[in-house]
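What follows is a set of notes on a single structure, which appears directly below.
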Amino acid sequence: MNCSGKIHALLSTARIANLPSVVSNVWLGVALGALMKSYAGGETPSIPWPSAAATIFSGMLLYGGGNFFNDWVDRAWDAEHRPERALPGALFPPRLYATLALLLVCAGVALAWAANWRSAMVAVILVFWILVYTVFHKRSAWAVIPMGLCRALLPIMGYVAVYPYVNMIWPAAIGLLLYIAGLSLSARYESMKKPPKRVALMARGLLLATAVSLALCNRFFFLERLPSILATFPYLTWTGFCLKFWRRAVPKLVSGLLAGIPLVDWIVLLPVFLTLLDNSRAGVGAFTIGCLVVSPLAFIAALLLQRLAPAT
């Protein structure tokens with residue numbers, strides 16, 4: 001295979017189409033941490049650029065490393081069921097994937113440490129759950145929980161890089177966990193001709209509970225009720241569209257739901273933007289604009305990158 005084919009294989013392994021959602025998840029934590037810090041100090045919220053950059057790149061590296069490790073562990077299963085993948089196709093030696101996984105994970109933890117020791121501790125916990133998920137995801141449907149925990153820890157890592165406590169970030173983290181669990185259950189059972197009704201209802205319930213959890217997060221940050229309700233519309237509209245029109249095309253359904261992860265973050269960040277805009281007396285700053293644009297841009301970027309390499 002030529003060089004471009006190998007590059008495409010590496011991008012597919014890294015799930016590059018999902019990296020924008022990682023940026024959005026960590027930014028959610030950074031933004032809420034900065035907001036909480038401003039409440040505590042009576043100051044205008046601002047972007048802590050070094051901490052934000054360190055944790056965002058840390059999250060991206062940990063995500064990429066986890067994917068390379070996942071494909072390295074699954075190479076025997078893929079040889080039987082997914083022979084078109086890079087390792088079964090002998091495009092690369094397995095040790096290359098193992099080495100890349102180790103280097104990316106170590107670099108991710110080091111960058112989190114550059115933010116502060118709290119972020120580094122969250123990064124180490126995230127690596128643990130990556131290992132748990134990778135070992136068990138082919139064995140049990142319960143693996144959706146460690147998968148969800150990996151996502152849930154991303155905003156926590158960004159939050160503690162800015163604010164020293166985790167008291168207000170839990171609803172946002174739980175919302176991401178619920179969404180990933182609902183997404184994963186949908187992916188596992190939608191391809192069946194007659195999926196178990198209780199599982200289908202559970203998956204739909206988890207996706208709906210995501211919006212409820214994020215609305216609770218909004219109340220913790222004293223955000224107004226009407227903007228919080230309106231902010232659920234993009235998420236509910238996109239999720240409903242995917243489940244209605246792409247339900248039987250499971251790869252398309254999963255790709256669509258993965259692209260929609262930033263819309264989960266936007267349920268919180270859009271009301272934050274509206275609140276800051278309403279309270280602004282000195283103009284709109286970079287922090288306020290970031291709360292508006294990061295998540296929708298990540299959503300669009302994810303859809304565009306799916307044309308370059310698959311999300312799953």
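No lab work stands behind these numbers, since they all come straight from the coordinates. It should be emphasised that the depicted structure is a prediction, and the values quoted were computed from it without experimental measurement. Cβ: placed from backbone, ideal geometry, glycine included. Neighbour counts: every protein chain shown.
Work out, step by step, the length gained on full extension between Ser46 and Asn116: first 0.36 nm times the residue separation, then minus their alpha carbon distance; give nm to one decimal.
Values: separation 70, 0.36 × 70 = 25.20 nm, distance 1.81 nm.
Gain on stretching Ser46 to Asn116: 23.4 nm.
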If amide H atoms are modeled at 1.01 Å from N in the peptide plane, then the residues at a separation of 5 or more from Leu87, or on another chain, having amide H under 5 Å from its own are none
Sparse-neighbourhood loop hits (trypsin sites (Lys or Arg not before Pro), segment 55-146; DSSP loop; Cβ within 10 Å at most 10 others) -> Arg139
Taking Cα atoms only, helix 261-279 is inclined relative to the longest principal axis of the chain by an angle, in degrees rounded to 10, of 10
Violations at 30 Å Cα threshold for listed pairs Lys138/Lys244; Lys6/Lys244; Lys138/Lys252; Lys138/Lys197; Lys6/Lys197 -> Lys6/Lys244; Lys6/Lys197
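His8: net charge of surrounding residues, Cβ under 14 Å, Lys/Arg +1, Asp/Glu -1, itself excluded?
Details: positive: Lys6, Arg15, Arg85, Arg307; negative: Glu84.
My count for the surroundings of His8 gives +3.
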Dipole check, the chain, charges on Cβ (K,R +1; D,E -1), about Cα centroid: among Leu35, Thr239, Ala187 the Cα furthest to the positive pole belongs to Ala187
With x for Gly and Pro, the residue-by-residue ³J(HN,Hα) of segment 206-221, computed from phi through the Karplus equation 6.51 cos²θ - 1.76 cosθ + 1.60 at θ = phi - 60° and given in whole Hz, is 5, 5, 6, 4, 4, 5, 5, 5, 5, 5, 5, 4, 4, 5, 4, 9
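Say R0 is 25 Å: what FRET efficiency, to the nearest 0.05, do Leu103 and His81 get from their beta-carbon distance?
Working: r = 28 Å, r/R0 = 1.11.
Efficiency for this residue pair is about 0.35.
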If exposed means chymotrypsin sites (Phe, Trp or Tyr not before Pro) lying in a DSSP loop and surrounded by at most 13 other beta carbons within 10 Å, then the longest stretch of the chain lacking such sites spans residues 1-164
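State to the nearest 20 debye the size of the charge dipole of segment 3-305 about its Cα centre, where the only charges are +1 on K and R beta carbons and -1 on D and E beta carbons. Write down the numbers at each step before the final one.
Details: 24 positive and 10 negative charges, 203 e Å.
Taking the Cα centre of segment 3-305 as origin, the dipole is about 980 debye.
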